[in-house]
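Peer 1: Could you have a look at this structure, given as C-alpha cells, before my questions?
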Amino acid sequence: MDFSIRTATLEDCKDIARMILELAEYEKVLDQVKVTQKDLEQDGFIKNPFFHGIVAEVPEEHRTIEGHIKVGYALYFYSYSSWKGRAVYMEDLYVMPDFRGMGIGKALMSKVAQLGLAAGCSQLNFTVLDWNKPSLDFYLSQGCTDITASIGYHCLRCEGDKLEQLAKGSA
Ligand SMILES: CC(C)(COP(=O)(O)OP(=O)(O)OC[C@H]1O[C@@H](n2cnc3c(N)ncnc32)[C@H](O)[C@@H]1OP(=O)(O)O)[C@@H](O)C(=O)NCCC(=O)NCCS
C-alpha cells in the first residue's frame, strides 16, 4: 500500500490526539492521558516547540471506515547525553492496527533517525513497556538494543504534588 511520511502540522493535532488515545488504550494506560488536541497545538507549534511530530498518511481510497487517512505518527524531541552529546528522544511511535506490517512503522522510525542524524545526534532513545513484546521485537529487528539490563537504568518520575513540593524545597 502506498503511504507517505511528512512533518506534522497544526492541522494534524486532532488526528495525533486521537492516535495518542488509541496508543494509550493499546498500552492499557488510557487513564493517564491528559494531553488534548489544544495542548498539542500549543506545545508543538510555538517558537521553541516542546516536541516535533511526523505523520503517516494513506491515499483516500484506503481511508478507514471512520474516514481517517492519517494512520500513524511519531513524536520526538531533542535531548542531550552528557556521555554522547546530542540525542533524539522518540516519545511515541504508533501505526493503526489495520495498517501494521506494511512498513509504515519502520518508515516513521527511519524518518526520526534521519532527522536526528541531520541535527547532529548520535543516539535515538525511547522506552517500551515490559509486556509489549511485539514492539520490543520490532525495535530489536531495527537494530536497537535493550539497555535496561546492560546499563541498569530505572525510569524515575516526580509529578503532581510531589513535583510542587520538590520545587518548593519541601519534599
Ligand atoms: C510497533 C509498530 C509501530 C510497528 O509498526 P508496523 O508498521 O507494524 O511495522 P513495519 O511493518 O514497519 O515492520 C517493519 C519491520 O519490522 C519487523 N517487525 C514488525 N513487527 C515485528 C515483530 N513483532 N517482531 C519482529 N519483527 C517485527 C517487520 O518484519 C519488518 O521487517 P522487514 O522490513 O525486515 O520486513 C506497530 O506495530 C504499532 O503501532 N504497535 C502498537 C503500538 C506500539 O506498541 N507502539 C510502540 C510503543 S513503544
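The values are calculated or read from the model by the stated rules, or taken from the named source; none is laboratory data. Only a predicted model underlies this, so the values are computations on that prediction, with no experimental measurement involved. As a convention, Cβ positions derive from the backbone with ideal geometry for all residues, glycine included, and neighbour counts pool all protein chains shown.
Peer 1: Looking at Thr36, Thr9, can you tell me which residue is among the β-branched types (Val, Ile, Thr) and within 21 Å of Gly116 (Cα to Cα)?
Peer 2: Thr9
Peer 1: Scan region 110-124 for residues that are crowded, with 16+ Cβ neighbours inside 10 Å and farther than 20 Å from Met19 by Cβ and jot them down.
Peer 2: Listed by number, the residues that qualify are Ala113, Gly116, Cys121, Leu124.
Peer 1: Collect the residues in region 53-109 that are hydrophobic (A, V, I, L, M, F, W, C), surrounded by 13 or more Cβ atoms within 10 Å (Cβ to Cβ) and over 22 Å from Ala119 (Cβ atoms), keeping them in residue-number order.
Peer 2: Val58, Ile69, Val71, Val95, Met96, Phe99, Met102, Ile104
Peer 1: Residues that are buried (at least 16 other Cβ atoms within 10 Å of the Cβ), closer than 18 Å to Tyr89 by Cβ and in contact with a strand residue (DSSP E or B) (Cβ under 6 Å, 6 or more places away or on another chain): does region 2-16 have at least one?
Peer 2: yes
Peer 1: Take Asp43 and decide whether it is farther than 21 Å from Cys155 by Cα, out of contact with any Leu (no Cβ under 7 Å at 6 or more places or on another chain) and more than 13 Å from the ligand (Cβ to nearest atom).
Peer 2: Considered against the rule, which asks whether it is farther than 21 Å from Cys155 by Cα, out of contact with any Leu (no Cβ under 7 Å at 6 or more places or on another chain) and more than 13 Å from the ligand (Cβ to nearest atom), Asp43 comes out as yes.
Peer 1: Residues that are under 30 Å from Pro59 (Cα atoms), touching a residue at least 40 places away in the same chain (Cβ under 8 Å) and within 11 Å of the ligand (Cβ to nearest atom): find the helices (runs of 4 or more DSSP H) completely inside region 69-171 holding 3 or more of those.
Peer 2: 104-118
Peer 1: Follow-up question, since we're still on this one. Since Val88 meets every condition but one in (1) modelled with pLDDT of 95 or more; (2) more than 14 Å from the chain's Cα centre (by Cα); (3) not small (Gly, Ala, Ser), which condition does it not meet?
Peer 2: (2) is the only condition that Val88 fails.
Peer 1: Would you confirm whether any residue within region 25-45 is touching a Pro at 6+ places or on another chain (Cβ under 9 Å) and within 23 Å of Met109 (Cβ to Cβ)?
Peer 2: yes
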